[in-house]
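Shown next, in structure tokens, is the structure this report addresses.
Taken together, the values in this text are just the output of simple stated rules run on the coordinates, not laboratory data. What you see is a predicted model, and the numbers here were worked out from it, not measured in a lab. Here the Cβ positions follow ideal geometry from the backbone for every residue, glycine too, while neighbour counts run over all protein chains shown.
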Amino acid sequence: MARFVAHGSLRLDAVVPEAMNEEALKVLADGVCGVPYGTPVAEAFPEGSFSRRLVELDRVAGALRSLVGPDPLIDHHHVHIREPEGGTAQPLHGDAIIDVRPDAFDVQLMYYPQEVTLEMGGTLSVPGSHLRRTNETDTGRYQNLRGQTRLVCPAGTVVIVHHGIWHGGRRNDSAVKRYMYKIRFNPTVRQVRLWNTGDLADPAVAEELRTRFPWYENAAGRLEYHNRVRLWRALTGDDSFDLDHWVTRVTNRPNRVSRSHA
Ligand SMILES: [Fe+2]
């Protein structure tokens with residue numbers, strides 16, 4: 001969880017079995033029916049359907065349970081297809097400047113049924129960017145950022161991202177049609193200690209939260225640490241957690257009146 005809070009994503013390589021990946025190419029080529037905003041998973045994806053079996057795979061279900069809790073709602077889902085030698089690169093963007101919730105977040109699941117090579121134009125994203133709220137494509141003028149990743153992965157990979165991560169679809173420069181299936185989930189419970197928290201006090205947790213990314217400049221990088229601490233406090237319910245006193249300093253608003261002025 002600390003790694004997700006620092007990176008803004010969780011990658012599960014080849015977590016979907018081969019037979020399901022083969023099936024997915026047919027299912028996704030046929031397209032998926034739209035789901036009204038806020039539909040419970042069980043209603044949106046009937047028992048036995050491909051989508052239901054995908055989100056119920058042990059590791060996928062475990063990750064979703066840890067991040068958004070039980071009974072999340074489907075915000076929307078969509079099959080993204082890039083034709084061979086097709087498409088144009090999307091400008092780098094964050095999806096929602098209006099979403100400034102400090103204590104809740106949606107996640108987007110991205111499933112890749114095929115092996116994605118560099119030429120196939122796997123999703124570009126910027127690790128550690130999810131808590132830096134920007135206005136949609138205002139970041140589009142950045143052609144490349146240090147530390148950005150262009151997804152290259154084995155078949156059956158699932159990536160779950162914080163909805164705020166800066167990302168962009170890429171052009172497909174290969175001769176292979178590329179499929180990606182996206183599902184966005186809304187939580188229905190407070191996102192507090194939803195995962196196995198037995199090791200919360202382990203120093204490795206704070207170390208993970210201190211992860212630095214190459215695009216951070218020294219002073220502005222502090223904003224990411226500050227935002228991570230605030231999210232970590234919300235997720236753990238521990239208002240004393242801090243990294244180098246950054247949040248403690250800026251939340252210090254004493255009420256006591258000095259006697260010399262009283
Ligand atoms: Fe987007």
Is the chain rounded, prolate or oblate when judged by the Cα gyration tensor, a ≥ b ≥ c being the square roots of its eigenvalues, rounded requiring a/c under 1.5 and prolate requiring a/b larger than b/c? prolate
Considering the dipole of the chain built from charges on the beta carbon (Lys and Arg +1, Asp and Glu -1) around the Cα centre, which of L118, S129, G62 is farthest to its positive end? S129
Note: E85 to N144 extended length (0.36 nm per residue) minus current alpha-carbon separation gives 19.1 nm
Using unit Cβ charges (K, R positive; D, E negative) and no other charged atoms, how large, in debye to the nearest 20, is the dipole of the range 139-193 about its Cα centre? 100
Ranked list, fewest to most other Cβ atoms within 10 Å of each Cβ, for D30, D239: D30, D239
Test of understanding: ordering W195, W166 by Cβ neighbours within 10 Å, fewest first, what list do you get? W195, W166
Dipole size in debye (nearest 20) for the chain around its Cα centre, Lys and Arg Cβ +1, Asp and Glu Cβ -1? 1060
When the charge dipole of the range 157-262 is computed with +1 on Lys and Arg Cβ and -1 on Asp and Glu Cβ about the Cα centre, the Cα farthest towards its positive end, among T248, V189, L231, belongs to V189
Per-residue [θ]222 nm for the chain (sum of -39500 (n - 2.57) over DSSP H runs n ≥ 4, rounded to 500): -7500 deg cm²/dmol
Report the residue, chosen from N227, N186, N144, that carries the largest GNM mean-square fluctuation when the chain is represented by alpha-carbon nodes joined by springs under 10 Å. N144
Only Lys, Arg, Asp and Glu count, each charged at its Cβ (+1, +1, -1, -1), so figure out the dipole size of the range 203-250 about its Cα centre, rounded to 20 debye. 120
